[in-house]
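Beneath this line is the structure, given in structure tokens, with notes to follow.
The values are calculated or read from the model by the stated rules, or taken from the named source; none is laboratory data. These figures come from a predicted structure and were not determined experimentally. Cβ sites come from the backbone with ideal geometry, for glycine too, and all protein chains shown count toward neighbours. Remember, those area values only see protein heavy atoms, side chains included, never the ligands or the DNA or RNA. Shrake-Rupley method; radii C 1.70, N 1.55, O 1.52, S 1.80 Å.
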Amino acid sequence: MLKKRPIIIDTDPGIDDALAIAIALFSGELDVRLITTVAGNVSIEKVTRNALRLLSFFGKEVPVAMGARKPLIGPLVDASDIHGASGMEGFDFPEPREDLLLQENAVNAMRRVIMASEEPITLVPIGPLTNIALLLSMYPEVSEHIREIVMMGGSVTRGNKGVMSEFNIATDPEAAKIVFDSGIPIVVATLDVGLKALVMPEDTQKLPDLGQVGQMAHCLFRKYRGGSFNTGLKMYDSCAIAYLLAPTLFETVDTFVDVELAGSLTKGCTVVDLKNYMKQPANAKVCVDIDGEAFRRWFLESVGKCI
Ligand code: RIB
Ligand code: CA
């Protein structure tokens, strides 16, 4: 039996987060040691409640630790317009599993889990990078115990929050810069692949027959404004999980990435130096393309493995 890869998911559920978490938990290949929450799509209280509601619905016993309630510097500007006021509008979840919520904050919980692990852990941030930046700043000793950071965030081209900035990076660009400057191996599932990771109408129709998570997805997708039933629903965060479980879906480039902090028009832009103008060594493996048809098949197959 293949040994499961130990991971920590840092998340701001979030409708697309919900499917990414489900696929990770039911994949049979990932050992989700901890789920940490970060303010992003909606407030820290709501994303934490949503994480605990998901675990209640999934019947999974994973500890949850609450993290940052705002970005390092600026105010939280949420994405409730995309995910609804609760962050997961559209489905009647059971009561949250409050017993799974640790008294520890996310940063201390991540440090404890990472340092206690018998092997290096993969961090999977699928929200703003505030918690990850705080972890690396407060406890630099964790770096050598982290195998990889596989994130959803950033963009090779244009943005979805700002003209040139993707939501997770734009929400906390200073945190993102700390992470990209860390020297830890990083994989970036960019907006460019997220925009092609679509659940199309003929896929959505199949979801209710794929079990309880499929039915949950079908209900949530009615409220999800990350695309539409007709034009395709963007599974941004599932791309980070897809990289872990099916990396051949992606075309990747090892290159240098920096984060614009000073641009009055471009703050939060991930500057992906594909042509090495800046003469810097590569600090990230950037997903620049995805096989959209293969992703659709993988997504439905993965949801079918859930309850
Ligand atoms: O830009 C997409 C990202 O922003 C996803 O993580 C989505 O959940 C939102 O947080
Ligand atoms: Ca997210």
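Given region 193-249, what helices (runs of 4 or more DSSP H) lie entirely inside it while holding 1 or more residues that are open to solvent by 50 Å² or more (accessible area, probe 1.4 Å)? Even if it seems obvious, please write down each step before you answer.
Values: elements: 201-204, 212-223, 238-245.
Counting at least 1 such residues, we get 201-204, 212-223.
Do the conditions hold for residue 230, that is, is it out of contact with any strand residue (DSSP E or B) (no Cβ under 8 Å at 6 or more places or on another chain) and within 16 Å of ligand 1 (Cβ to nearest atom)?
Details: out of contact with any strand residue (DSSP E or B) (no Cβ under 8 Å at 6 or more places or on another chain): yes; within 16 Å of ligand 1 (Cβ to nearest atom): no.
When the stated conditions are applied, residue 230 does not pass them.
Scan region 25-58 for residues that are in contact with a strand residue (DSSP E or B) (Cβ under 9 Å, 6 or more places away or on another chain), among the hydrophobic types (A, V, I, L, M, F, W, C) and away from ligand 2 (no atom under 13 Å from the Cβ) and the total you get is 7.
Residue-level check: of (1) under 19 Å from residue 286 (Cβ atoms); (2) in contact with a helix residue (DSSP H, G or I) (Cβ under 8 Å, 6 or more places away or on another chain); (3) within 16 Å of ligand 1 (Cβ to nearest atom), residue 199 misses just (1). Within region 41-85, work out how many residues are open to solvent by 30 Å² or more (accessible area, probe 1.4 Å), more than 21 Å from residue 268 (Cα to Cα) and in a loop (DSSP other than H, G, I, E, B). Count: 5.
Working carefully through the options 148, 174, find the one that is buried (at least 19 other Cβ atoms within 10 Å of the Cβ) and either among the acidic types (Asp, Glu) or not in a strand (DSSP E or B) (or both). Before you say what the answer is, go through the steps one by one.
Working: 174 fails: buried (at least 19 other Cβ atoms within 10 Å of the Cβ).
Answer to the check: 148.
Quick one: is residue 96 of a type outside the set (Asp, Glu), out of contact with any helix residue (DSSP H, G or I) (no Cβ under 6 Å at 6 or more places or on another chain), over 13 Å from residue 130 (Cβ atoms) and more than 16 Å from ligand 2 (Cβ to nearest atom)? Spelling it out, it is not the case that residue 96 is of a type outside the set (Asp, Glu), out of contact with any helix residue (DSSP H, G or I) (no Cβ under 6 Å at 6 or more places or on another chain), over 13 Å from residue 130 (Cβ atoms) and more than 16 Å from ligand 2 (Cβ to nearest atom). For residue 88, the criteria (1) surrounded by 20 or more Cβ atoms within 10 Å (Cβ to Cβ); (2) of a type in the set (A, V, I, L, M, F, W, C); (3) outside any loop (DSSP other than H, G, I, E, B) hold in every case but one, which is (3).
Cβ-Cβ distances below 8 Å connect the following pairs, each with a first residue in region 36-48 that is more than 12 Å from residue 132 (Cα to Cα), a second residue that is in a strand (DSSP E or B) and open to solvent by 10 Å² or more (accessible area, probe 1.4 Å), and a separation of six or more residues or different chains: 44/66; 48/66; 48/101.
Scanning region 133-175 for residues that are away from ligand 1 (no atom under 16 Å from the Cβ), closer than 24 Å to residue 236 by Cα and acidic (Asp, Glu) yields 148, 174.
Inspection of region 125-141 identifies at least one residue that is away from ligand 2 (no atom under 16 Å from the Cβ), assigned to a loop (DSSP other than H, G, I, E, B) and open to solvent by 10 Å² or more (accessible area, probe 1.4 Å). Within region 250-262, the set of residues being loosely packed, with under 15 Cβ neighbours inside 10 Å and either under 19 Å from residue 128 (Cα atoms) or touching a helix residue (DSSP H, G or I) at 6+ places or on another chain (Cβ under 9 Å) (or both) comprises 251, 261, 262.
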